[in-house]
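Colleague: Got a structure for you, questions after.
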Amino acid sequence: MKNSVVFLFGLVLFSLLIFSFLFVDRNFLFLNIYSDFIFLHKEITAFIFVILIVSFFAFYFYFIKNQNKISKNQLWKIILISIIISIFSYPAFLSYDIFNYALTAKVAFHYKENPYLLKPIEFIGDSWLPFTRATNKVALYGPLWVLLAGIPYLLSFGNYLMILINLKLLYALFFLGSVFFISRLTPQKREVILFALNPLIIIETFISGHNDITMIFLMLSSLYFFSQKKITIGSLLYVSSIFIKYSSLIALPVYGFIFINSLRKKKIDWPKVFTILFYCMFLVFVLSFIREEIYSWYAIWFLPFGFLSKNKKIVYFCLAFSISLLLGYVPYLLLQSYSKLEIYSKMGIIFLIPLVGYCFMYLKKKL
Amino acid sequence: MRYWYFGDFGAFEYNIRESDKYLVESKTLFEYKQYLLAYNSLQLSDQYFLKIKPALLKAQKDGKNISEKNTIMESEAQKHIEVLTDLEKIVPSTIIWSPENSTPSTLKSAEEINNSIKIRNKVL
């Protein structure tokens, strides 16, 4: 693969990095570069976003199509470029969750209080409160995540920007670990590219800074150790994933099945296991609207299993959802509010694109 | 359960919770004339109430803003005083409690309720 392609890909990511800084919150005093551009020019903001997302996907599909031209070293180079550039983006570009992780860590490690009992808002006068959202909620994630978030917090020595970078560096470790285990679970390069260069996974992990990659890393590593007949470590890793985000609990019957079959030394049909895991995780994704609403980063739960399933239909389905979930942010960018109209338009985009894609493929096959 | 409520604000929440719980228990027992048990519950409620302010002072010392928690503590004290004042009206001042198989004891209930009110008044 030509270096110019990699350079252009890096340029798209760099544009995303620059674009993210348009979203700096007025109260985020650690970066004094607030601009009201996104409020004054909502249509232009949404347009730039769509262009960047489409460009990102264009490169993604190009990499998938030309997988044979990409050497192993080049692939790792592209992955590292994606991580290094996006890690420095302003995180609250599409979601504010990373600020909550930092504040939860502060409640536990600075105030030395139980984050499952006390809401951040109870710490009146805290300088992080003005730009953090959902401060009226106690910790939502598993205890293992609270402990892990403590590492970037403690290593930042009170520098807020360092906490954000450290959190993303932690994700980088889990992301690279996930890529490694995917490459071990499948001999083909295709699945690695599908996962590692997926725009949704990169944006939601390294730009928005969601912790879902941590849970996925533990689930994937668990599968790898089960495949190597290391039952104890495999079981421990899966149980750990539940203590990061509870959604992996839905996969308990599948992991139970793997556990029993590993004990009985029976052969496991791995592509079938990945397919069932994909369905399980997709089910939690769809059901997430019961709790709140469907968020695009929840797709990280099912995408890796979908790619590993090697089922062509599932892979297309995952790709369609990756596009639709990211474009689902457009109504928010146009309205700059969480109104009913925004939610319904978002849902429309999320489900309509895969549906249109499916109809198109069906008709193409029939005609 | 106490260990779940670690931290200064945690201790504050825990002691408020326990103090409330034993006060409600005591009120119900007094109403059902289970004086000895009611008396013991009231003493427990007092014990927990006494720990609320020290937890807040510790939080203040640790640099936490306690203004909101202070308001909560004062409202708590006022409500407790209201309940205790109502109890004072229905509970006899002295009760001779005679269990079936042991020696009778005198419970100075009015004195105890008064003492509980004093404890709550101290934080106002």
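Colleague: Considering the zone a paramagnetic label at A:Lys313 would reach in this model (a point 7 Å from Cα along the Cα-to-Cβ line), which residues of the stretch A:339-367 have amide N under 18 Å from it?
Modeller: Answer for this model: A:354-367.
Colleague: Please give the Cα centre distance for the stretch A:313-355 versus the stretch B:19-96, rounded to the nearest Å.
Modeller: Computed from Cα coordinates, the inter-centre distance equals 53 Å.
Colleague: If you don't mind, there's one more thing I want to ask. Pull up the cross-link candidates among the lysines for B:Lys53, meaning alpha carbon to alpha carbon under 17 Å and not fewer than 8 places away within one chain.
Modeller: B:Lys61, B:Lys64, B:Lys69, B:Lys79, B:Lys118, B:Lys122
Colleague: Per the helix-only calculation at 222 nm, which mean residue ellipticity applies to chain A, given -39500 (n - 2.57) for every DSSP H run of n ≥ 4 and division by its residues, nearest 500 deg cm²/dmol?
Modeller: One gets -21500 deg cm²/dmol as the mean residue ellipticity at 222 nm.
Colleague: Which of the helices in chain A, when you take each full DSSP H run, stretch at least 24 Å along the axis at their Cα atoms and have an average Kyte-Doolittle score of 1.6 or higher?
Modeller: Sorted by number, the helices that extend far enough and score high enough are A:3-20, A:42-65, A:160-185, A:270-291.
Colleague: Under 15 Å from the Cβ of A:Ile33, count the other residues' Cβ atoms, weight Lys and Arg +1, Asp and Glu -1, and hand me the total.
Modeller: Neighbourhood net charge equals -1.
Colleague: If the limit is 30 Å between Cα atoms, which of A:Lys272/A:Lys340; A:Lys42/A:Lys364; A:Lys266/A:Lys366; A:Lys189/A:Lys365; A:Lys77/A:Lys265; A:Lys168/A:Lys267 go over it?
Modeller: A:Lys272/A:Lys340; A:Lys42/A:Lys364; A:Lys266/A:Lys366; A:Lys77/A:Lys265; A:Lys168/A:Lys267
Colleague: A further question on this structure: Along the charge dipole of the protein assembly as shown, pointing to its positive end and built from +1/-1 on Cβ of Lys, Arg, Asp and Glu, which listed residue (A:Ser86, B:Asn101, A:Leu103) has its Cα farthest out?
Modeller: A:Ser86
Colleague: Let me ask something else. Tell me, what is the FRET efficiency for B:Glu68 and A:Ile18 to the nearest 0.05, using R0 = 45 angstrom and their Cβ-Cβ distance as r?
Modeller: 0.65
Colleague: Pairs of alpha-carbon atoms within less than 8 angstrom and 6+ residues apart define the contacts here; what relative contact order does the stretch B:2-121 have, in percent?
Modeller: Relative contact order for the stretch B:2-121 comes out at 25 percent.
Colleague: Taking 0.36 nm per intervening residue step and subtracting the Cα-Cα distance, what contour gain separates A:Asn27 from A:Ile124 on full extension?
Modeller: Here the segment from A:Asn27 to A:Ile124 would lengthen by 33.3 nm.
Colleague: Here is a follow-up. Between B:Lys58 and A:Tyr279, with labels modelled 7 Å along Cα→Cβ, what's the label distance in nm to one decimal, could you check?
Modeller: 5.3
Colleague: Per the Kirkwood formula on distinct C-alpha pairs, the Rh of chain B is how many angstrom?
Modeller: Averaging 1/r across every pair of different Cα atoms and inverting gives 15.3 Å.
Colleague: In addition: Calculate the translational D of the stretch A:218-367 in whole µm² s⁻¹ from Stokes-Einstein, where the hydrodynamic radius comes from the Kirkwood formula applied to all Cα pairs, the temperature is 20 °C and the viscosity 1.002 mPa s.
Modeller: Translational D for this selection: 127 µm²/s.
Colleague: Moving on to the next point. Given points 7 Å out from each Cα along the Cα-Cβ axis, report the A:Lys230 to B:Asn115 separation in nanometres with one decimal.
Modeller: 6.3
Colleague: Moving to a separate point now. Please compute, for the alpha-carbon atoms of chain A, the extent along each of the three principal axes and give them in descending order in Å.
Modeller: Principal axes ranked by extent give 59, 49, 41 Å for the Cα atoms.
Colleague: Continuing with this model, one more query. Please give the charge dipole size of the stretch A:3-366, origin at the Cα centre, charges +1 on K and R Cβ atoms and -1 on D and E Cβ atoms. Round to the nearest 20 debye.
Modeller: The calculation lands at about 1800 debye.
Colleague: Run the simple label-point estimate for B:Ser75 and A:Leu287 please: 7 Å along Cα→C-beta, distance reported in nm.
Modeller: Between B:Ser75 and A:Leu287, the label points sit 3.7 nm apart.
Colleague: To continue, here is another question. How are the Cα pair distances of the stretch A:109-167 distributed, in percent, across 10 Å bins from 0?
Modeller: Going from the shortest bin to the longest, the percentages are 21, 55, 24.
Colleague: A further question on this structure: On a straight-distance basis, which aspartates and glutamates could pair with A:Lys65 in a cross-link, Cα separation under 19 angstrom, same-chain partners fewer than 8 positions away excluded?
Modeller: Leaving aside aspartates and glutamates fewer than 8 places away in the same chain, those within reach of A:Lys65 are A:Glu191.
Colleague: Tell me the volume per residue, in Å³, of the convex hull enclosing the alpha carbons of the stretch A:148-195.
Modeller: Cα-based convex hull of the stretch A:148-195, divided per residue, equals 62 Å³.
Colleague: Rg and Dmax of the stretch A:23-166, Cα atoms, in Å?
Modeller: In Å, with Rg to one decimal and Dmax whole: 18.8, 57.
Colleague: Got a sec? How would A:Trp76, A:Trp145 order by Cβ neighbour count within 10 Å, fewest to most?
Modeller: Fewest-to-most Cβ neighbours within 10 Å comes out as A:Trp76, A:Trp145.
Colleague: Residue separation times 0.36 nm, minus the C-alpha to C-alpha distance between B:Ser102 and B:Gln43: what's the value?
Modeller: The span from B:Ser102 to B:Gln43 would gain 19.1 nm if fully extended.
Colleague: Determine the relative contact order of the stretch A:3-366: mean sequence separation of Cα pairs under 8 Å and six or more apart, normalised by residue count, in whole percent.
Modeller: Computed value for the stretch A:3-366: 16 percent relative contact order.
Read the figures in this text as sums done on the coordinates, not as results from a lab. Note that the coordinates shown come from a computational prediction; the quantities given were computed from them, not determined experimentally. Backbone-built Cβ (ideal geometry, glycine too); neighbour counts: all protein chains shown.
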